[in-house]
Each structure stands twice: as structure tokens, then as C-alpha cells.
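For reference, the structure discussed in these notes is given below.
The values are calculated or read from the model by the stated rules, or taken from the named source; none is laboratory data. Keep in mind that this is a model prediction, so the values were computed, not measured. Positions of Cβ are generated from backbone atoms using ideal geometry, with glycine treated the same way; all protein chains shown enter the neighbour counts.
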Ligand code: HEM
């Protein structure tokens, strides 16, 4: 099947529901597939890795591949002025300033807090699930823990968590290759609200600094003085979005695998396997970021393919790379005991995820606590996916905890 036919299948509702058989079909045709009009789709691990590690590959929003006008939209501006799509001095400055929040020492300190948030949410789930009543794991747990954690890091007041959660979710609604018109509208509206919210937070922290990352970023920007305020605003907004939705989806994508693998759940319960490798395998098996996009500034070599000319737009399909049979044996098997090999779930190269370690810690603490607290947790109905291709997750996951 050629690249264009593969792409068409991926963006159908079935493709978004389960892209993995389509990726496998694509990999039979090669590691990179031409899509026409100066675009290609990289589906092999080595090809995706080479593109992401190429310093001359500029990160762009997936939507702009189909619609160059999209650059003007608020939801795009939020991302394009932020670290994830910036380069050179802005990127270096922002990355150094934000990295201070994700050092091993700071992450270690966060563990206690993540544990206490986790226990609190599980208490609530236990209450809701009394007598075997089904509980939605997404609404009760997955969608809440990462918001609580990133709010703590950024200094967002507890009472704003719900509002923040909605703005974060909606502002990323158009982060797709072909979003629906109404999703573009929803995303733009939410991005405007989120940027306004962040602007107020900046003003507050400028006058009353605190220990949080927002205060440290504001102080670093003001002391440096090279960048306009919208860069600061977008970067804080990006940390709130990238720091939560991806982790929400990671937790939501992990549980269906685990609950349909009773042997692994049992091994977790009796200590034959730790939570960390299970989280790692879940992140490989069904990664929350499936695709990221690059525009190549110079001719780029990728393994087992012709050099890609400057100007090529590359859909780097992380979800396919993580299931490349040339790298992982039996890639479609959920196997936390497999030999550990680096994944592309958190990207690679200059834009490698700043929060990868935090996400892994949240996943492991959550899983450990869930297994101890609900040793007989089971699916209580059909999970419902978010219907999204680029940011893959679940919107409903009924479980029985009692
Ligand atoms: C399972 C959870 C997560 C996944 C799957 C994930 C995935 C990714 C990926 C694939 C990228 C690179 C995108 C690209 O190259 O185009 C990225 C970048 C980034 N992530 Fe994450 N992420 C997760 C959690 C987090 C968390 C918890 C934070 C922060 C609290 C975070 C902050 C960032 C930032 C700031 C960048 C941009 C880094 C740069 O451009 O230098 N992420 N993430």
C-alpha cells in the first residue's frame, strides 16, 4: 500500500481508534513513505530517530502540514512561540530555565507529594466504587493526578484545577493532522483563555514571587530581558499543557493493557515485577504522543532511504517507531519483561521531553498504589478512546475496584 493510502486510512475513525495494524502495513513498504507534495511519513524506528535528532529539522504543528494558514490561530501560536517549536537562543534559554524544576533532587522531593495525591484520589475511587459500582478511571484518577502535580510545580492555586484542566484539554483539541472545524474553534478559544490566565499569573508572581517554577521563569525572563512577554506566556502555558495531557493519556492508555493482562497484574501484586518496567512498556506499547512533525531545513540522511531534500515535511510517527519489528521482537505484544531498549515516546534530540522522568515517576507511583489498594481491579465495560490520532488517549475507562 502506498503512503497516501496509508495516510488516508490513518485519519479515518477506525485508523484513529486503532492505528497499529495500519502502521504495521506501512512498515512492510519501508521505513519512510512518500505522501506527495513534499511530504513523507517516517514509520521505522531508525528513520524517526534520525529525523528527531537532526538539528536542521524544525518542529512545527501537525496541522500546518495540511493548512499553512493555521499558523495564525491562537492554539498554534501558543505552541509555536514555546520551547517545543522554538530553536536557537529562545529554545536554549527556556530549556535551561525550565530544567531547574526537573532535576533529580527536585523530582525526589516531589515523590512524597505525588504519593499523597495518589492516595487521596484512590480514597475517592474506593468510595465511588463501593459495592462494585463502576468507576471511570479517567475522570476519577488519570485526568486529575497530572493536573494536581503540574499545578503544584507551577504554583497554580488548588481551586483553579478544574478550570485549568478544561483549558488544557480544549487548547490541544486541534493538535491533529486533520482536526474538525469545531475542534479548531474550541482550541483557539481555550488557548486564548489559557494565555489570559497565565498572563494574570505572571503579573501576580512578578509582584509576589514564590518558590514555584512560574516565579523562577518570570524572574529569569525579566533578568535576561531579551525576549518579549508572549514568549514567557506561551512557555508557561506549554508547560501546563505538555505537562498534563500527555501524562493523563499515558495513565489512561496503560490501564486497559494491564487489566487485560491478568498475569502481569498478578506479577505486580506479588512483587515479581516492579511498576517502573510496566510503565515503560505501556509507554512504548501505546504512546500518548503518536506523531510529531518536522520541516527539514537541509538535505537529511535517514537509514535505508534516499536523502530527504531540504523543505521536506516529515510526519515522524513515534507510535509506529515504538512498534518497529526491526527493533522490538514481537512488537505488538505487551511484555514488560522484554529487554530494555530506549523508546521514542518522549521524543529525541533537541526537543527531548523535559518531563519524561516526572511522567515515569507519576506512572510508577500510581501503578504501585493502585495494585496495592485495588488488587482485584478489573475492567467494568468497554474503554472509549479519545478518537485522536496525534495525542492518543482515553476519554472513558470503567473499572470495578471492589
Ligand atoms: C507520558 C507523558 C509524556 C509524553 C508521552 C511526552 C512526550 C513528549 C514528546 C514526544 C516531546 C517531543 C516533541 C517533539 O519533539 O516534537 C516532548 C517534549 C516536551 N515535553 Fe513531554 N511528554 C510527557 C510528559 C511531560 C511532562 C510531565 C512535562 C512537564 C512537566 C513535559 C514537558 C515537555 C516539554 C517542556 C517539552 C519540550 C522540550 C523542548 O522542546 O526542548 N512532558 N514531550
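Mind telling me which of the residues 122, 78, 110, 52 ends up being surrounded by 17 or more Cβ atoms within 10 Å (Cβ to Cβ), touching a residue at least 40 places away in the same chain (Cβ under 8 Å) and either out of contact with any helix residue (DSSP H, G or I) (no Cβ under 9 Å at 6 or more places or on another chain) or within 19 Å of residue 191 (Cβ to Cβ) (or both)? Reasoning before the result, please.
Working: 122 fails: either out of contact with any helix residue (DSSP H, G or I) (no Cβ under 9 Å at 6 or more places or on another chain) or within 19 Å of residue 191 (Cβ to Cβ) (or both); 110 fails: either out of contact with any helix residue (DSSP H, G or I) (no Cβ under 9 Å at 6 or more places or on another chain) or within 19 Å of residue 191 (Cβ to Cβ) (or both); 52 fails: either out of contact with any helix residue (DSSP H, G or I) (no Cβ under 9 Å at 6 or more places or on another chain) or within 19 Å of residue 191 (Cβ to Cβ) (or both).
Step by step, each of 122, 78, 110, 52 is checked, and only 78 is surrounded by 17 or more Cβ atoms within 10 Å (Cβ to Cβ), touching a residue at least 40 places away in the same chain (Cβ under 8 Å) and either out of contact with any helix residue (DSSP H, G or I) (no Cβ under 9 Å at 6 or more places or on another chain) or within 19 Å of residue 191 (Cβ to Cβ) (or both).
So, residue 56, is that one at pLDDT below 90, within 16 Å of the ligand (Cβ to nearest atom), touching a strand residue (DSSP E or B) at 6+ places or on another chain (Cβ under 9 Å) and over 24 Å from residue 168 (Cα atoms) or not? So that I can check it myself, show each step before the final result.
Details: at pLDDT below 90: yes; within 16 Å of the ligand (Cβ to nearest atom): yes; touching a strand residue (DSSP E or B) at 6+ places or on another chain (Cβ under 9 Å): yes; over 24 Å from residue 168 (Cα atoms): yes.
Yes: the conditions hold for residue 56.
Restricting attention to segment 74-98, and to residues there that are part of a helix (DSSP H, G or I), within 8 Å of the ligand (Cβ to nearest atom) and under 24 Å from residue 212 (Cβ atoms), which single residue is nearest to the chain's Cα centre (by Cα)?
84
Take residue 168 and decide whether it is in contact (Cβ under 8 Å) with a residue 60 or more places away in the chain and either more than 27 Å from residue 60 (Cβ to Cβ) or crowded, with 21+ Cβ neighbours inside 10 Å (or both). Write out each step before concluding.
Numbers: in contact (Cβ under 8 Å) with a residue 60 or more places away in the chain: yes; either more than 27 Å from residue 60 (Cβ to Cβ) or crowded, with 21+ Cβ neighbours inside 10 Å (or both): yes.
Yes: the conditions hold for residue 168.
Being within 22 Å of residue 112 (Cα to Cα) and assigned to a loop (DSSP other than H, G, I, E, B) is the requirement here; does residue 159 meet it? First the steps, then the outcome.
Numbers: within 22 Å of residue 112 (Cα to Cα): yes; assigned to a loop (DSSP other than H, G, I, E, B): no.
In short, no.
Determine which single condition residue 335 fails, assuming it passes every other condition in (1) more than 14 Å from the ligand (Cβ to nearest atom); (2) over 20 Å from residue 281 (Cα atoms).
Failed condition: (2).
Please specify each residue of segment 208-229 satisfying the condition of being on the phi > 0 side of the Ramachandran plot and surrounded by 12 or more Cβ atoms within 10 Å (Cβ to Cβ). Steps first, answer last, please.
Of the residues in segment 208-229, the ones on the phi > 0 side of the Ramachandran plot are 225.
If the condition is that a residue be on the phi > 0 side of the Ramachandran plot and surrounded by 12 or more Cβ atoms within 10 Å (Cβ to Cβ), then no residue fits.
Look at segment 338-353 and say how many of its residues are near the ligand (Cβ under 7 Å from one of its atoms) and loosely packed, with under 15 Cβ neighbours inside 10 Å.
So the count comes out to 1.
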